Structure formats: C-alpha cells, structure tokens
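The values are calculated or read from the model by the stated rules, or taken from the named source; none is laboratory data. Note that the coordinates shown come from a computational prediction; the quantities given were computed from them, not determined experimentally. Glycine also receives a Cβ, built like all others from the backbone with ideal geometry; neighbour counts cover every protein chain displayed. All accessible areas refer to the heavy atoms of the entire protein, side chains included, with ligands and DNA or RNA removed. Shrake-Rupley method; radii C 1.70, N 1.55, O 1.52, S 1.80 Å.
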Amino acid sequence: MDFTRRQFLKLSGATAITMAVVELGFDDKKAKASTKEFKIAALKPTPTICPFCGVGCGILVYANEKDVVYTEGDPDNPINEGTLCSKGTTVRQIFTSDKRVEKPLYRAPGADKWKEVDWDWAIEQIAKKVKDTRDRKFIATENGMPANKVEAIASMGGAALDNEEVYILSKLMRAGLGLTYLEHQARI
Ligand code: SF4
C-alpha cells in the first residue's frame with residue numbers, strides 16, 4: 001500500500017494518540033465488552049443446538065420479539081465449551097438472511113420452476129404419497145418368513161433433531177411404517 005507523506009503523518013499521529021490513551025489506562029477490552037453487554041443486557045439467552053452438522057455444538061441465542069440479536073457458543077455445553085466453527089458462528093443468518101425459505105416449495109412433475117405452497121397442502125401430499133407407496137410396496141413375507149417391511153421409502157434425519165426427536169422418528173419409521181432404510185446426519 002502506498003502512502004503520501006501527509007497520509008503517513010496522519011496515520012502516525014492517530015497511532016500515537018491511541019497508544020497514549022491505552023498507556024494512560026483506557027481499557028479497550030472493557031469498552032468492547034461493555035458494548036456487547038449493552039446489546040444483550042436485557043435479553044435472556046436460550047440454549048439451543050447448532051443445526052449445521054452432527055457435532056451438535058451448543059449455542060446461546062439472545063432474541064427479542066422481533067429479532068435474533070446475538071448468538072454465541074454455549075460455555076456450559078460439554079461438546080464445544082463455548083467455541084463454534086465458522087458455520088456455527090454465522091447461525092444468526094438462518095433468521096436474518098433474505099435467502100431464508102419460509103414456505104414449502106413444490107415443483108410439479110415436468111415443471112421447471114418451484115412454487116410456494118402452504119403447509120397443510122404440502123403435509124397432505126406427503127401423507128398421501130407415503131400411504132400410497134406403503135400400500136403398494138409393503139412386503140409381508142420374505143423367504144417364507146414374516147418380513148412386514150417397506151423398502152420403497154427411505155427416511156433422512158438432520159442435525160437439527162435432538163436425541164428424543166430422533167428416537168420418536170425412528171420408532172415411527174420402523175414400527176409404524178416398517179421402513180428399513182433410515183439414515184441420519186449425526187448417526188444417533
Ligand atoms: S458449530 Fe460447527 S462443528 Fe459445531 S455443530 Fe455447528 S457446524 Fe458443526
């Protein structure tokens with residue numbers, strides 16, 4: 001980077017003033033900490049789990065009624081002890097990003113575009129297709145033995161699910177529908 005003599009003198013002056021302030025006892029760490037404290041002082045942190053991968057790091061979310069104000073690693077979580085990777089650090093963007101998908105999207109067979117649909121319609125369509133596929137592909141016996149299974153549907157879980165949710169999901173898929181192909185990002 002090139003500096004003119006004038007820019008160099010300005011920069012040197014600013015650096016000298018900053019150093020002098022620090023030398024005289026101005027604690028910039030305290031100043032930064034108090035700014036952070038001010039933003040979240042009135043907010044109660046809600047602990048949650050990072051949804052991005054199977055490590056399952058703990059995150060504290062500071063939110064008011066309209067906004068997620070701040071997120072940070074949960075120091076009490078034994079998995080990450082307050083640390084987060086670069087993805088976990090940006091978790092607030094799940095809420096703030098203008099690319100956030102807020103409604104189910106449906107692309108009809110043969111169509112080249114996705115369209116927004118409402119949740120009731122989407123859930124009903126999924127239920128109909130699951131029932132229809134299970135009815136058509138249910139295998140009652142195999143090699144002369146009871147099988148009671150469905151191999152035409154697979155279930156995929158995501159890292160946002162916690163232990164209890166995955167337990168219920170696996171019971172529903174195995175015992176309720178007879179699925180044999182279950183996979184999960186965290187392999188819980
Ligand atoms: S913070 Fe990083 S390592 Fe931890 S769960 Fe999220 S994505 Fe995985």
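From (1) touching a strand residue (DSSP E or B) at 6+ places or on another chain (Cβ under 7 Å); (2) more than 30 Å from Glu151 (Cα to Cα); (3) away from the ligand (no atom under 16 Å from the Cβ); (4) open to solvent by 70 Å² or more (accessible area, probe 1.4 Å), pick out the condition that doesn't hold for Phe95.
Of (1) touching a strand residue (DSSP E or B) at 6+ places or on another chain (Cβ under 7 Å); (2) more than 30 Å from Glu151 (Cα to Cα); (3) away from the ligand (no atom under 16 Å from the Cβ); (4) open to solvent by 70 Å² or more (accessible area, probe 1.4 Å), only one is false for Phe95: (3).
Consider only pairs whose beta carbons are under 7 Å apart and that are at least six residues apart or on different chains; among these, list those whose first residue lies in the range 52-67 and is among the charged types (D, E, K, R) and whose second residue is not in a loop (DSSP other than H, G, I, E, B).
none
Any residue in the range 94-103 that is over 26 Å from Gly56 (Cβ atoms) and part of a helix (DSSP H, G or I)?
No, that holds for no residue.
Scanning for something out of contact with any helix residue (DSSP H, G or I) (no Cβ under 8 Å at 6 or more places or on another chain), of a type outside the set (Ser, Thr, Tyr) and under 30 Å from Ala63 (Cβ atoms), does the range 138-147 turn up at least one residue?
no
For the range 103-110, does any single residue satisfy the condition of being under 25 Å from His184 (Cβ atoms), free of Cβ contacts under 8 Å to residues at least 40 places away in the same chain and within 11 Å of the ligand (Cβ to nearest atom)?
Checked the range 103-110: no residue is under 25 Å from His184 (Cβ atoms), free of Cβ contacts under 8 Å to residues at least 40 places away in the same chain and within 11 Å of the ligand (Cβ to nearest atom).
With the structure loaded, tell me whether Lys131 is among the basic types (Lys, Arg), in a helix (DSSP H, G or I) and over 30 Å from Phe52 (Cβ atoms) or whether it fails that test.
yes
In the range 44-79, what residues are open to solvent by less than 40 Å² (accessible area, probe 1.4 Å), more than 9 Å from the ligand (Cβ to nearest atom) and either in contact with a Gly (Cβ under 6 Å, 6 or more places away or on another chain) or in a loop (DSSP other than H, G, I, E, B) (or both)?
Matches in the range 44-79: Asp74, Asn77.
Which residues, counting only those in the range 121-157, are under 26 Å from the mean Cα position of the chain (by Cα), of a type in the set (Gly, Ala, Ser) and exposed (fewer than 14 other Cβ atoms within 10 Å of the Cβ)?
Passing the criteria: Ala127, Ala154.
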